[in-house]
Amino acid sequence: MAVELSWYVPNEVLYIRYGENVIKDDLLESYQSIATYAKEAGKPIHVIMDSLLVQRMDFSLKELKELLKDFNPANIGWGINITSADPMSSRASSFMLAILNQSLNIRSRTYKSLAESHDFLIELDQALESKLPG
């Protein structure tokens, strides 16, 4: 599994799960898909980026910058990063997600579990409480 994308809450929250080794094509695919899903929804969407499985990110910052130069951050309401509680396994993915979000001007939060992200999403929009998966 390189990257999996699906609606977490249809037309409101997109879920992206990255595999153990993330290459630049995985990121390109996921960010192109965000635009497609946002267009389908007809509005900006929140995006949960689950990097709990990530062990290695195989691209440079320069490649990353070039890859995302045409990305439109207006498609994203909030970017929600899920990373491991283990600092050794989450350091690379946390750093890269922070760089991504900052360089793209995406409002973001980082959590250690999907359950924590639910609490934040409900703070943003109480109507999501009944729509989020159990």
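The values are calculated or read from the model by the stated rules, or taken from the named source; none is laboratory data. These numbers were taken from a predicted model, which means no experiment stands behind them. Every residue, glycine as well, gets a Cβ built from its backbone with ideal geometry; the counts of neighbours run over all protein chains shown.
Structure notes:
- Filter pass, residue 92 being at pLDDT below 85, of a type in the set (A, V, I, L, M, F, W, C) and within 17 Å of the chain's Cα centre (by Cα): yes
- Residue in the range 28-60 that is modelled with the highest pLDDT, counting only those that are over 27 Å from residue 122 (Cα atoms) and in a helix (DSSP H, G or I): 29
- Test: residue in the range 4-12 that is of a type in the set (A, V, I, L, M, F, W, C) and exposed (fewer than 15 other Cβ atoms within 10 Å of the Cβ): yes
- Yes/no for residue 24 being over 23 Å from residue 133 (Cα atoms), surrounded by fewer than 20 Cβ atoms within 10 Å (Cβ to Cβ) and modelled with pLDDT of 80 or more: yes
- Selection status of residue 119, within 23 Å of residue 10 (Cβ to Cβ), at pLDDT 90 or above, among the acidic types (Asp, Glu) and over 11 Å from the mean Cα position of the chain (by Cα): yes
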